[in-house]
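Note sheet for the following structure.
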Amino acid sequence: MTDQTLYPVPERWAERAYIDADRYAEWYRKSLDDPDGFWGEQADRLDWIRRFTKVKNTSFAYPDITIKWFEDGTLNVSANCIDRHLADRAEQTAIIFEPDSPDETPRHITYRELHDQVSRLANVLKERGVRRGDRVTIYLPMIPEAAFAMLACARIGATHSVVFGGFSPDSLAGRIEDCRSTFLITADEGLRGGKPVPLKANADKAVERAAAEGVNVKSVLVVRRTGGTVEMKEGRDLWFHEEVARASADCPPVEMGAEDPLFILYTSGSTGKPKGVLHTTGGYLLYAAMTHRIVFDYHDGNVYWCAADVGWVTGHSYVVYGPLANGATTLMFEGVPNWPTPARIWEVVDRHGVNTLYTAPTAIRSLMGAGNDYVQQTSRKSLRLLGTVGEPINPEAWHWYHHVVGEDRCPIMDTWWQTETGGHMITPLPGATALKPGSATLPFFGIRPVLVDGEGHALEGAGDGNLCIADSWPGQMRTVYGDHKRFVETYFALYKGKYFTGDGCRRDADGYYWITGRVDDVLNVSGHRLGTAEVESSLVAHPKVSEAAVVGYPHDLKGQGIYCYVTLMEGEEPSDELKKELRDWVRRDIGPIASPDQIQFSPGLPKTRSGKIMRRILRKIAEDDYSNLGDTSTLADPGVVDNLVGNRQNRR
Ligand code: WTA
């Protein structure tokens, strides 16, 4: 079913790009044969305060996982992203801010201004008692202050935890509690598609809930974005602009060890609550900077736009850290792709002369659905390279992106990676890799993908399997914050000696990789990760629900939709009102991204005799694939399945 059309590297790309096919082959070989030599040289991309003497100290031998890179080196991330550029490019724009409304004037922030803002903010944090190693939670919309806040933490050695502005007060509270964060940076309101998002009000609720769990947020710094009315609590809440204006603009960057924490980012797993993925300083920054430079072939003067939110890892590595470490001009867009019209993205491209656009297949599909006129009424002549991330891109969307958006001129970098990996892992390079629509193509330098079968045997040649990585790379997460055992068990226990990604994957006869999606209970909804367990535990917390099972099913726009099987408490009646109530409940509890697409009431769920829910069967029914339900004779009550199928078919 896959599209095997090959798009060879255009000659002009092979000539001008940093990496052509020969160099890719040579560097890739060296990166595997001599990782110390390879990464030792690549590390010159960063400014070190004290140069390391050791490069790689890693082992995936279960259960003693060791991941250390450049361990005796020291550096500061904010100095690498700002200070070192001041000599050459102080007046160059570091950040272009494109506000939600096209009628509001964009902002251009130079590297000098970035230095000033970040230093002042870092001093505010220090004055308010934030120390090296303390956790600072950032709950902001896509505004430059989000980048300032991340970099200010890095400047003083505090560990930031950015929480996506679309998450609910409860989700925010859970993340504040987990890392025992005592400082919060938020805004009065966010703005998305002309609608305000009550960030400060959410933050107030979250702070209250965290306090009830014994975690006391001492200060809340509030950016004034919309000017909407908010309550400011005396002694706790401070206006960002007032504090920053009074603070000194002189704040020397702190010398950090390469293995000191840089940030925590919570992400969904197959079980339990979201995990705090911990990234450290040296290896992460090097990997983000190098992949940004090489995969997007970034050259001085280019205007680069990654449309992800800073609340996700893509925003960390490819809106903030990678581009700024490279002295790039990075665009931050506050709004949404289809407001005020589906032409917005292309208008922003024209307005700012964007050369590189990096976005998600779900956005591409929805803009494709709006029709070509919106695209074709804009010029897009500045575009030279396109990127996608977050989920497999279907060939139809790939072709549209390539042909209609990029007018066959722009290669598409389909980058496969994860919150855990810090940066691109399997990806084309524009001057080196022939493209196949829907394939993330080949591994980046230093990455050793392995496909294993259910027993963990590595497959040779072409075939389908579970995607593992055989050896460490500098951008790898180091632990789950506060729960190292969970880190070891989640990623290294199943297939010994390897990092398990949770993804299924096929390798074709040319050695190209095709990601087929998660093989665990993680959903990918519009490119956002969500654990089925999170939605289930939200549903069963509702007083009328006795049991719930959640699975993904193919969804035209979102990639995957959320399908919920719900068993009600004795005496409760199924109804459409109750469906709506449950939908609103989950939205409020987790956030709008977790909103169930379909709810099916079912008096029972298919379980094995030992009480395990047979998700495989539930997935098939949600996909309307009844031919292949497999052996149901091992179920405790096989009649449950007939009942589920009957109910589902009646509703079609
Ligand atoms: C999926 C986002 C196919 C995959 C950077 C992975 C992809 C999960 C691709 C990580 C891609 C990401 N092709 N699938 N190009 N990129 N994925 O942690 O299932 O939010 O495991 O990181 O997204 O999602 P996360």
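The values are calculated or read from the model by the stated rules, or taken from the named source; none is laboratory data. Just so we're clear, the structure is a prediction, and the values are computed from it rather than from any experiment. Glycine also receives a Cβ, built like all others from the backbone with ideal geometry; neighbour counts cover every protein chain displayed. To get the accessible areas, we keep the full protein, side chains included, count just its heavy atoms, and leave off ligands, DNA and RNA. Shrake-Rupley method; radii C 1.70, N 1.55, O 1.52, S 1.80 Å.
Please work out if G552 is buried (at least 20 other Cβ atoms within 10 Å of the Cβ) and either more than 16 Å from the ligand (Cβ to nearest atom) or at positive phi (or both). When the stated conditions are applied, G552 does not pass them. Of these, E189, E177, which one is out of contact with any strand residue (DSSP E or B) (no Cβ under 8 Å at 6 or more places or on another chain) and among the acidic types (D, E)? Unique residue meeting the criteria: E177. Only residues that are within 16 Å of T421 (Cβ to Cβ) and either in contact with a Leu (Cβ under 9 Å, 6 or more places away or on another chain) or open to solvent by 10 Å² or more (accessible area, probe 1.4 Å) (or both) were counted in the range 283-301, giving 6. The strands (runs of 3 or more DSSP E) found entirely in the range 479-536 that carry 2 or more residues being within 30 Å of P596 (Cα to Cα), among the β-branched types (V, I, T) and touching a Gly at 6+ places or on another chain (Cβ under 8 Å) are 513-518, 522-525.
Close contacts from the range 440-461, counting a first residue that is on the phi < 0 side of the Ramachandran plot and a second that is open to solvent by 10 Å² or more (accessible area, probe 1.4 Å) and away from the ligand (no atom under 16 Å from the Cβ), with Cβ to Cβ under 6 Å and a gap of 6+ residues or different chains, come to F445/W27; F445/Y28; R448/A470; R448/D471; V450/A458; V450/A470; L451/L459; V452/A458.
Restricting attention to the range 310-334, and to residues there that are open to solvent by 10 Å² or more (accessible area, probe 1.4 Å) and of a type outside the set (A, V, I, L, M, F, W, C), which single residue is nearest to the ligand (Cβ to nearest atom)? Looking at the filtered set, the residue picked out is T314. Would you check if there is a residue in the range 346-360 being open to solvent by 10 Å² or more (accessible area, probe 1.4 Å), in contact with a strand residue (DSSP E or B) (Cβ under 7 Å, 6 or more places away or on another chain) and either within 16 Å of the ligand (Cβ to nearest atom) or among the charged types (D, E, K, R) (or both)? Yes, the range 346-360 contains a residue that is open to solvent by 10 Å² or more (accessible area, probe 1.4 Å), in contact with a strand residue (DSSP E or B) (Cβ under 7 Å, 6 or more places away or on another chain) and either within 16 Å of the ligand (Cβ to nearest atom) or among the charged types (D, E, K, R) (or both). In this structure, A203 does not qualify as farther than 24 Å from D589 by Cβ, surrounded by 22 or more Cβ atoms within 10 Å (Cβ to Cβ) and of a type in the set (G, A, S).
Being at pLDDT 95 or above and not in a helix (DSSP H, G or I) is a property that holds for L262.
Taking the conditions (1) more than 30 Å from F500 (Cβ to Cβ); (2) exposed (fewer than 15 other Cβ atoms within 10 Å of the Cβ); (3) at pLDDT 95 or above in turn, E26 satisfies each one other than (1). For the range 508-527, filtered to residues that are open to solvent by less than 30 Å² (accessible area, probe 1.4 Å) and over 15 Å from the mean Cα position of the chain (by Cα), the residue that is nearest to the ligand (Cβ to nearest atom) is I515. Just to be sure, is R224 within 22 Å of the chain's Cα centre (by Cα) and open to solvent by 60 Å² or more (accessible area, probe 1.4 Å)? So R224 does not fit the description; no. Candidates I82, I49: the one that is of a type in the set (V, I, T), open to solvent by less than 50 Å² (accessible area, probe 1.4 Å) and touching a helix residue (DSSP H, G or I) at 6+ places or on another chain (Cβ under 9 Å) is I82. For the range 179-195, the candidate set comprises residues that are in contact with a Ser or Thr (Cβ under 7 Å, 6 or more places away or on another chain), open to solvent by 10 Å² or more (accessible area, probe 1.4 Å) and not in a strand (DSSP E or B); within that set, the residue that is nearest to V220 (Cα to Cα) is E189.
Just wondering, is there one or more residues in the range 640-647 that are touching a helix residue (DSSP H, G or I) at 6+ places or on another chain (Cβ under 8 Å) and surrounded by fewer than 18 Cβ atoms within 10 Å (Cβ to Cβ)? Scanning the range 640-647 turns up at least one residue that is touching a helix residue (DSSP H, G or I) at 6+ places or on another chain (Cβ under 8 Å) and surrounded by fewer than 18 Cβ atoms within 10 Å (Cβ to Cβ).
Quick one: would you say P395 is within 15 Å of the ligand (Cβ to nearest atom), touching a residue at least 12 places away in the same chain (Cβ under 8 Å) and out of contact with any strand residue (DSSP E or B) (no Cβ under 9 Å at 6 or more places or on another chain)? For P395, the condition - within 15 Å of the ligand (Cβ to nearest atom), touching a residue at least 12 places away in the same chain (Cβ under 8 Å) and out of contact with any strand residue (DSSP E or B) (no Cβ under 9 Å at 6 or more places or on another chain) - is met. Here S526 fits the description: at pLDDT below 95, within 30 Å of G311 (Cα to Cα) and polar (S, T, N, Q).
Highlighted here are the helices (runs of 4 or more DSSP H) found entirely within the range 102-178 that include at least 3 residues which are acidic (D, E): 111-127, 169-178. If you go through the range 93-117 and keep only what is over 20 Å from V348 (Cβ atoms) and surrounded by 20 or more Cβ atoms within 10 Å (Cβ to Cβ), you end up with Y111, L114, H115, Q117. When the range 20-50 is filtered for residues that are within 26 Å of P10 (Cβ to Cβ) and touching a residue at least 24 places away in the same chain (Cβ under 8 Å), the ones remaining, listed by number, are D20, A21, R23, Y24, W27, Y28, S31.
From the residues in the range 229-241 that are within 25 Å of P592 (Cβ to Cβ) and touching a helix residue (DSSP H, G or I) at 6+ places or on another chain (Cβ under 8 Å), which one is surrounded by the fewest Cβ atoms within 10 Å (Cβ to Cβ)? Only one residue fits best here, namely E231. When the range 364-402 is filtered for residues that are among the hydroxyl-bearing types (S, T, Y) and surrounded by fewer than 17 Cβ atoms within 10 Å (Cβ to Cβ), the ones remaining, listed by number, are S379, S382. Restricting attention to the range 555-571 and to residues that are of a type outside the set (G, A, S) and outside any strand (DSSP E or B), the residue that is least open to solvent (accessible area, probe 1.4 Å) turns out to be K558.
When the criteria are applied in full, A122 fails the requirement of being surrounded by fewer than 18 Cβ atoms within 10 Å (Cβ to Cβ), of a type in the set (A, V, I, L, M) and out of contact with any His (no Cβ under 7 Å at 6 or more places or on another chain).
In this structure, S575 does not satisfy being crowded, with 22+ Cβ neighbours inside 10 Å, small (G, A, S) and away from the ligand (no atom under 16 Å from the Cβ). Of all residues in the range 589-618, those that are in contact (Cβ under 8 Å) with a residue 60 or more places away in the chain have Cβ atoms under 6 Å from Cβ atoms of residues that are assigned to a helix (DSSP H, G or I) and aliphatic (A, V, I, L, M), 6 or more apart or on another chain, in A594/V535; A594/V586; P596/V586.
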